[in-house]
Structure formats: C-alpha cells, structure tokens
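Comments concern the structure below.
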Amino acid sequence: MQTNIEIHTLNNVDISKLSALYNLSYQNYYIPIELTQEQFESKLKMEDIDLQQSVGAYINDELVGFLLYGIRFYKDVKTAYVGGTGVAPDKRGNKITQKMLDYSFSRLKDAGVQNIFLEVNTKNDFAINAYQACDFTKTRVLNSYKGIPTLIVNPLHAIVSFDDLNLITEENFWDIKPTWKNQIQSVKNIIDSCHINGIFEDDILVAYKIINKNNTRIYQFGVHRDYRNRYLASILFSDLKNKEIKMINVDEREISTIDFIQSLGLKLYDQQYEMKKEL
Ligand SMILES: CC(C)(COP(=O)(O)OP(=O)(O)OC[C@H]1O[C@@H](n2cnc3c(N)ncnc32)[C@H](O)[C@@H]1OP(=O)(O)O)[C@@H](O)C(=O)NCCC(=O)NCCS
C-alpha cells in the first residue's frame, strides 16, 4: 500500500466514528454485529475499555482500524482484554492488526499489564493467524448456547431478587473462572441493566443467576458446591419459561454445566478460543 498508515492511541477518538467502524468491521462476521451508539458505549463501559491504551490505525487522518483494550486487575495481576479488533474491509490484508498489536505491547507493559486475553471465533483463521503471529496462544475453547428453556420441575423454592454481589464467591460457586465479559466486574459496570436472583436456604445463597434484562443474556449462574444434584439449577430457571436466552463463553471443560444447559433445551450455536499473551 502506498499510503502511510499511522498508529496511535484512541485517546481523542470521535466515539461515533469508532462505533461506525466497529459496525462496518463486524457487519459480515460469523454472527453479524450491529450496535447502536448507546449499546456500543455500554459495551465500552461494561468491558472497562480504556481508550488511552486502545489503538487506532489512520490513513490521511481517517480511522481505518481499531484495537480496543479493557484493563482490570485480576487477582492482583493487571490484565488487559481485547474487546474488539477491526479493520475497514477495503483496507484489509495490510497487516494493520499486527501493527496495532505491536504498537500496544510496550505501552501496556509500561503501564504494568502482565497478561492480555482475547476471544476469537474458532472459524476466524484471519484473526487467529494475526494473533498467533504476535505470540498469542490458545488457552481454552468457549461454547455459546441459545434457546428457550423447557422446564420439567415444579419450583419448590422461591426465586428471590437480591443485590449483594459479595454473596457470590468463587469458593462456593465456580469451578472455572468466568471470561472477562462474564466477570462480576462487568456486571457491576452495567448493574442497572442486570437482574440478579437466586434461591436461599436458611439464609444461605444456594443458587443464583445474573441476566441482562434487555437481551436475556445470562452472564453467570451457579449452584453452591454443597447443594448440588438437588434440581436447584432447574428450579432457578423456571422463571424464564418461554423466553429465548443466551449463554456465551461457557468453558467446554465445564461438563456438568454443559449437560445442564443442554437438558434445558439450549443448543450450541458458536465457539470461540480464548487466547493469551504474557508480556
Ligand atoms: C481480522 C481482521 C481484523 C484482520 O485484518 P488485517 O489487519 O487487515 O489482516 P492482516 O493484514 O493481518 O491479514 C490477516 C489475513 O487476513 C487476510 N485478509 C483478510 N481480509 C482480507 C481482505 N479483505 N483482503 C485481503 N486479505 C484479507 C490476509 O490475506 C491475511 O492472511 P495471511 O496472514 O494468510 O496472509 C479483519 O479481517 C477484520 O476486521 N475482520 C472482521 C472483524 C474481526 O474478525 N475481528 C477479530 C475478532 S477477534
């Protein structure tokens, strides 16, 4: 390409231009994505996207590529997450993604970031190749499910709303760590859009779920380790009869969770790799 590509941060980016390029980049994606500007801004907030660390590619001052980074501490380790990568369709094939990644690494390292995570569709060889060329490696496979739950149990327990997220502890509920978008911090960032409810026994939270009220996406659900195999998960979903729900980024090693999701009648519709790079 004869034109000069300039790479710099998205610090002063015009959000409407960034949002338009995001939609343009993902319009022919495996699952096409189109966000309103409001939804795009909510995504930035939810994922803790830091525009000072995020990167843009420009040709003649026009934004043609972006690399969005969320920054968060995960167990005291400063961690970055790629919340989106895109290049305008007519500018692809010029290694713009690698240029943006290469530009970002030393800056992230200087800011104390130790690891970068991302998710990429398992069929997206173009992107996977670009990430592997920059030393990202695949860490796990994540499944996405959707469907309308079919429920056979009679709810014997009340499902009650609660808002104390401290009740949801890793020790009690999680076998495998949730991905960035499903972490409690993401939920906190958009708490007004979330509905959190669960089942209590003797004042102990024994099952819970967190759902986005606007798009019925389940961010998390769990049954307390000491209360499993008592149909609590089935009861927990009984208030979602006749509603299409989605669960993305379920680790394929979570066999019992996957068995349960499939028993609800949800179907696998997409798979992603999680990839990681240590700085
Ligand atoms: C993935 C994406 C960001 C890569 O863009 P890019 O920086 O132009 O890609 P590169 O120049 O590094 O090329 C990567 C590969 O894509 C190929 N490619 C992709 N689209 C192309 C196009 N329109 N024209 C030419 N080559 C293209 C290149 O040939 C190259 O293959 P190679 O490594 O075997 O030579 C871009 O295709 C895109 O925006 N896709 C839609 C959004 C997306 O998938 N984002 C990633 C989500 S994790």
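Observations
- Any pair with Cβ under 9 angstrom, 6 or more apart, that starts in segment 3-21 at a residue that is at pLDDT below 95 and ends at one that is among the β-branched types (Val, Ile, Thr) and surrounded by 13 or more Cβ atoms within 10 Å (Cβ to Cβ): 3/59; 4/59
- When residues in segment 161-173 are screened for being surrounded by 12 or more Cβ atoms within 10 Å (Cβ to Cβ) and either within 14 Å of residue 197 (Cβ to Cβ) or outside the structural domain of residue 230 (by TED's automatic domain parsing) (or both), 4 of them pass.
- Close pairs (7 angstrom Cβ cut-off, 6 or more residues apart or separate chains): in a helix (DSSP H, G or I) in segment 23-41, polar (S, T, N, Q) anywhere: 37/16; 37/19; 40/19
- Among the candidates 219, 273, 208, residue that is farther than 19 Å from residue 140 by Cβ, among the hydroxyl-bearing types (Ser, Thr, Tyr) and surrounded by 16 or more Cβ atoms within 10 Å (Cβ to Cβ): 208
- Test result for residue 55, near the ligand (Cβ under 10 Å from one of its atoms) and among the aliphatic types (A, V, I, L, M): no
- Failed condition for residue 67, given (1) free of Cβ contacts under 8 Å to residues at least 40 places away in the same chain; (2) crowded, with 16+ Cβ neighbours inside 10 Å; (3) within 13 Å of the ligand (Cβ to nearest atom); (4) not in a strand (DSSP E or B): (4)
- Filter result (among the acidic types (Asp, Glu) and either within 9 Å of the ligand (Cβ to nearest atom) or buried (at least 23 other Cβ atoms within 10 Å of the Cβ) (or both)) within segment 92-110: none
- All conditions but one from (1) crowded, with 16+ Cβ neighbours inside 10 Å; (2) out of contact with any strand residue (DSSP E or B) (no Cβ under 8 Å at 6 or more places or on another chain) apply to residue 255; the one that does not is (1).
The values are calculated or read from the model by the stated rules, or taken from the named source; none is laboratory data. All values reported here derive from a predicted model rather than from experimental measurement. As a convention, Cβ positions derive from the backbone with ideal geometry for all residues, glycine included, and neighbour counts pool all protein chains shown.
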